[in-house]
Amino acid sequence: MELDNFATWLEIDLGALENNYRILREATGTPVMPVVKANAYGHGLEEVTKTLEKAGAQWVGVARIEEALLLRKAGIHMNILVLGFTPPQRVQDAILNRISLTVYDPTVVQAYARQAASLNQPLDVQVKIDTGMGRLGIPVEKALEFIFQVKDLHEFHFQGIFTHFACADEPEKPYTIQQLEKFNRILEQMQSQGIRPELIHSANSAAALNFPSARFDLIRCGLALYGLSPSDATHLPTGIKPTLSWKTRLISIKQMPSGHGISYGFKYFTKNSERIGVIAAGYGDGLRRQMGNEVLIHGKRVPIVGNVCMDQCVLQLDHIPDAGMGDEVVLIGKQGGDEITAAEVAKKWNTISYEVICGMAARMPREYIH
Ligand SMILES: *Cc1c(COP(=O)(O)O)cnc(C)c1O
């Protein structure tokens, strides 16, 4: 019986991560800003960022300043950009820890400047333009005025300008090109005023792969770096591999009599005398509480039956007669000749791979392999 440290764990392939980073950089000919928000898409913030720093990344992107501060505490030296909102009260933390903030609101910028004024160093800021996403960003019509406001505040160092695409994973739609044209128009207006910050960027994974003209000075890659494609219409360069596997073990096997109810609410009853297994994975780990989930045992697909519980769920093992206590079970990843991808799970759950991997609970240990 094989039982090691954990009942359930994530296996994170740092070798594949580094490989994906290099492939993306070479395939696009553009420096990559790895995006490591949300615990590096579930993979583990520190380990992932350290690996990418060693691989040569100069910039890293996060969503919140808390994530940036964790990285500084972990000894990360590379440039960090907070892509989302930062409360003005955190501006001094940002300056003291050399963290770049995103700005897009004229009022908030004033509050930032007041906070920064008490320190002798300027705050590094990057202006976000809303070229059509309809979320964060200064509207295009007000962009130039805002850029001048930011540039003229001596409490700031105007470091970069960027935008974000709404539909870059659907390259057949015209929206990305329209957003790009608006962004380029602002860049031209800036240029005619003699303004050129160090960094111009716009592309997430999908735009970096589908729209070469969106690459500018760097590409902000999350999902593709983790070996997953943002959409069926977005083709990953060859050699990119998934970096996350989700594993557990058989923690119980019983022969159950016919007509026996299984798990909360008895959503499943055995039809015959059946071999029923239990694995240590539930909705408390990120498994969805819905019917139709599958796992791999001995390289074969096995259905989860009955309701998924918080810490466990139940398997029908009749067609794997040699499955034994402690055998490895794969929820996401490869086993034998088969593979359950995050994309497949996402389809079953009626969502996107992003949500599947970000949903991997903090309580699961991450085992790092190379
Ligand atoms: C999350 C995020 C990214 C990364 O997106 P992917 O699709 O995972 O590559 C890039 N830019 C911004 C502003 C983001 O919020």
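The values are calculated or read from the model by the stated rules, or taken from the named source; none is laboratory data. Being a predicted model, the structure only gives us computed values, none of them experimental. Here the Cβ is made from the backbone with ideal geometry for all residues, glycine too, and neighbour counts use every protein chain on show.
Quick notes on this structure:
- Counted as qualifying within the stretch 298-342 are the strands (runs of 3 or more DSSP E) with 1 or more residues that are under 16 Å from SER252 (Cα atoms), namely 300-305, 313-316, 328-335.
- Unique residue being farther than 15 Å from LEU244 by Cβ and within 16 Å of the ligand (Cβ to nearest atom) when the list is GLY61, GLY56: GLY61
- Any strands (runs of 3 or more DSSP E) falling wholly within the stretch 125-244 and containing at least 1 residues that are more than 12 Å from the ligand (Cβ to nearest atom): 156-163, 199-201
- Options THR8, THR107, THR30: the member that is among the hydroxyl-bearing types (Ser, Thr, Tyr) and surrounded by 21 or more Cβ atoms within 10 Å (Cβ to Cβ): THR8
- Any hit, the stretch 71-80, residues being in a loop (DSSP other than H, G, I, E, B), closer than 18 Å to LEU223 by Cβ, modelled with pLDDT of 95 or more and not aromatic (Phe, Trp, Tyr): no
- GLY56 under 16 Å from the mean Cα position of the chain (by Cα) and outside any helix (DSSP H, G or I): no
- Only listed residue being within 14 Å of the ligand (Cβ to nearest atom) and either surrounded by fewer than 22 Cβ atoms within 10 Å (Cβ to Cβ) or in contact (Cβ under 8 Å) with a residue 60 or more places away in the chain (or both), chosen from LYS50, LYS37: LYS37
- Residues within the stretch 235-257 that are buried (at least 19 other Cβ atoms within 10 Å of the Cβ) and under 19 Å from the mean Cα position of the chain (by Cα), tallied: 7
- Applying the set (1) on the phi > 0 side of the Ramachandran plot; (2) exposed (fewer than 13 other Cβ atoms within 10 Å of the Cβ) to ASP232 leaves exactly one unmet item: (1).
- Residue list for the stretch 81-124, restricted to those being part of a strand (DSSP E or B) and either touching a helix residue (DSSP H, G or I) at 6+ places or on another chain (Cβ under 7 Å) or under 18 Å from LEU153 (Cα atoms) (or both): VAL82, ILE99, SER100, LEU101, THR102, VAL103, LEU123, ASP124
This table checks each residue for (1) surrounded by 17 or more Cβ atoms within 10 Å (Cβ to Cβ); (2) of a type in the set (Phe, Trp, Tyr); (3) under 21 Å from THR270 (Cβ atoms).
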{"residue": "GLN290", "(1), (2), (3)": "no, no, yes"}
{"residue": "GLY299", "(1), (2), (3)": "no, no, no"}
{"residue": "PRO303", "(1), (2), (3)": "no, no, yes"}
{"residue": "GLN312", "(1), (2), (3)": "yes, no, yes"}
{"residue": "ILE320", "(1), (2), (3)": "yes, no, yes"}
{"residue": "GLY324", "(1), (2), (3)": "no, no, yes"}
{"residue": "VAL329", "(1), (2), (3)": "yes, no, yes"}
{"residue": "ILE332", "(1), (2), (3)": "yes, no, no"}
{"residue": "GLY336", "(1), (2), (3)": "no, no, no"}
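- Residue satisfying all of: in the stretch 68-87; under 12 Å from SER100 (Cβ atoms) and within 16 Å of the ligand (Cβ to nearest atom); surrounded by the most Cβ atoms within 10 Å (Cβ to Cβ) among these: ALA68
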